[in-house]
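Just below is one structure, and these are the notes that go with it.
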Amino acid sequence: MFDVHQIRQDFPILTEKIYGKPLVYLDNGATTQRPKRVVEVMDEYYLRYNSNVHRGVHFLSNKCTDANERAREIVKDYIHAAGTEEVIFTRGTTESINLVAYTFGEAFIREGDEIVVTEMEHHANIVPWQMLCERKGCVLKVVPFKDNGELDMEAFAALMNERVKLVGVAYVSNVLGTVNPVKQIIDAAHAVGAYVLVDAAQAIQHIPLDVQELDCDFLAFSGHKIYGPTGVGVLYGKKALLEQMPPWHGGGEMIKEVRFEKTTYNELPFKFEAGTPDFIGIIGLGEAIEYVKSVGLEAIAAHEHELIEYAMGQIRQIPGIILYGDAPGKSSVVSFGLKGIHHFDLGTLLDKMGIAVRTGQLCADPVMQHYGVTGMVRASFAMYNTLEEIDALCAGLKKIEQIFKM
Ligand code: PMP
């Protein structure tokens, strides 16, 4: 049984007071909170077992190595990868995408090739490709979205041709909440011989993922958006593809033999994991996924569905509200503005009521340009949010609207 009040007890931060008011944390799209057990496991490893991984023969080193590799198993099972060699630990979604842009870019991209992204991508899934285009002379093409936040799939189909080598697409938009038809996109891209990278930063914590069923070539996500620590993330890649890609960072761990004449590289996934990884962060990520599994992702998704439906219905009724993104089946994100009020003022006044929302361009400048605004306010939900918190947000917005009307 999903019991949100029980779940809230696992997250001590949720009992904090902000300016004497109960915290209403609605900035989960930026980062989620961590349950106690994630912090406790990390504490335990720092305080009792800390020792560098993959290097020592002694007890502590083996303990950390085993836990690091166990976390890889947990991630592999969670996204249903075919093997652990397909799970590369990175610093987060941004680093995962940059890794692909550099190494896949190096091996597979030639002048005149095309990379396709969508207009609703986070900057992390735009800028690395632009940098690749500058290096390689390839061309970036953009799939537009419709005003309701749905991707224009006709425009997408029209962009598919044999020059396209890679499609980068967010599974869920961090601004519009749109859940994109990634399976359809992957199949269409494969039909013209293109590979697909799925940015799952806003999907991993809400939607069950199966990389084999999706048949995506790459998938990226961050630990801190799925109740895990900061500074750690994952790149999933198909083994056959990763094997054809050169390493990115050089250093310890990614080598087999180092000779001044010629160095040979380690096997997957270590080929892409140069240097000491954030192994305690990785262990924390494994624990976070175990926590999500213990609650049940299906149950979480059902609860979050209720939250988003309720939030959309309630926020829509606020006088002067402008909602951005209303695609059917959208995920846990509501972005909006209030007529005549700057988004920073709105965010600041909500903060004074203890309500944490995100304001600004939300790392998605092209989405702001689409709607001709300089910024928005975004409320984003996680498993521990309640309908009462949405009521608090709406009450806050109504109050602000009244103040500004006077
Ligand atoms: N893509 C999307 C869709 C995101 O929401 C985010 C984080 N806001 C990122 C990429 C980047 O994630 P990180 O900063 O953890 O690398």
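Per-residue Cβ neighbour counts within 10 Å put D199, D113, D43 in the sequence D43, D113, D199, beginning with the fewest.
Around the Cα centre of segment 38-293, unit charges on the Cβ atoms of Lys, Arg, Asp and Glu (plus for the first two, minus for the last two) sum to a dipole of about 560 debye. Once you have a ≥ b ≥ c as the square roots of the Cα gyration tensor eigenvalues for segment 38-293, tell me rounded if a/c is under 1.5, and otherwise prolate or oblate according to whether a/b is larger than b/c. Since a/c reaches 1.5 but b/c is at least a/b, the shape of segment 38-293 is classed as oblate. Here is how the number arises for the chain: DSSP H runs of 4 or more residues each give -39500 (n - 2.57), the sum is divided by the residue count, and the result at 222 nm is -12000 deg cm²/dmol. Of I289, I400, the sequence from fewest to most neighbouring Cβ atoms within 10 angstrom is I400, I289. In whole Å, how far is the Cα centre of segment 138-209 from that of segment 343-406? About 27 Å separates the Cα centre of segment 138-209 from the one of segment 343-406.
Between segment 94-119 and segment 1-75, the alpha-carbon centres lie 32 Å apart.
Each DSSP beta bridge with both residues in the chain is either parallel or antiparallel, and the antiparallel ones are about 55%.
Put simply, the amide H of K146, placed in the peptide plane, has neighbours under 5 Å in L151, D152, leaving out anything fewer than 5 places away on its chain. The distance between label points at E162 and M1 comes to 6.2 nm (points 7 Å beyond Cα on the Cα→Cβ vector). Restricting segment 212-272 to chymotrypsin sites (Phe, Trp or Tyr not before Pro) that sit in a DSSP loop and have at most 14 other Cβ atoms within 10 Å of their own Cβ leaves F260. From the square roots a ≥ b ≥ c of the eigenvalues of the alpha-carbon gyration tensor of segment 27-102, which class results: rounded (a/c under 1.5), prolate (a/b over b/c), or oblate? It is oblate, given that a/c is not under 1.5 and a/b is not larger than b/c. For V39 and E261, a Förster radius of 60 Å and the Cβ-Cβ distance give a FRET efficiency of 0.80, rounded to the nearest 0.05. Taking Cβ atoms as reference points and 13 Å as the exclusive limit, the residues near E304 contribute a net charge of -3, counting Lys and Arg as +1 and Asp and Glu as -1. Given their separation in residues at 0.36 nm each and the Cα-Cα distance between them, S294 and E106 gain 63.6 nm when the chain is fully extended. Taking other C-beta atoms within 10 angstrom as a stand-in for reagent exposure, R70, R358 fall in the order R70, R358, fewest first. Qualifying trypsin sites (Lys or Arg not before Pro) in segment 226-265, where qualification requires a DSSP coil assignment and no more than 16 other C-beta atoms within 10 Å, comprise R259, K262.
Percent of C-alpha pairs per 10 Å bin in segment 341-406, short distances first: 20, 47, 30, 3. Using Cα-only point scatterers and the Debye equation, what is log10 of I(q)/I(0) for segment 216-290 at each q in 0.20, 0.27 Å⁻¹, rounded to two decimals? Calculated log10 I(q)/I(0) at the listed q: -0.93, -1.20. Karplus-derived 3J(HN,Hα) values for segment 43-56, using 6.51 cos²θ - 1.76 cosθ + 1.60 with θ = phi - 60°, are 4, 4, 5, 5, 7, 10, 10, 3, 5, 5, 7, 6, 10, x Hz; glycine and proline are entered as x. Here the label points at Y46 and N62, each 7 Å from Cα along the C-beta direction, are separated by 2.7 nm in the simple model. Annotation note: GluC sites (Glu not before Pro) in segment 244-310 located in DSSP loop regions with a Cβ neighbour count of at most 14 within 10 Å are E261, E267. The length gained on full extension between I321 and K339, counted as 0.36 nm times the residue separation minus their Cα-Cα distance, comes to 5.8 nm.
Past the 25 Å Cα-Cα mark, which pairs from K183/K238; K352/K398; K146/K330; K76/K136; K146/K238; K63/K256? Among K183/K238; K352/K398; K146/K330; K76/K136; K146/K238; K63/K256, the Cα-Cα distance tops 25 Å for K76/K136; K146/K238.
Bear in mind that the values in this text are calculations on the coordinates, not laboratory data. Computed from a prediction, not measured in an experiment: that's the story for all the values here. All Cβ positions, glycine included, derive from the backbone under ideal geometry; neighbour counts span all protein chains shown.
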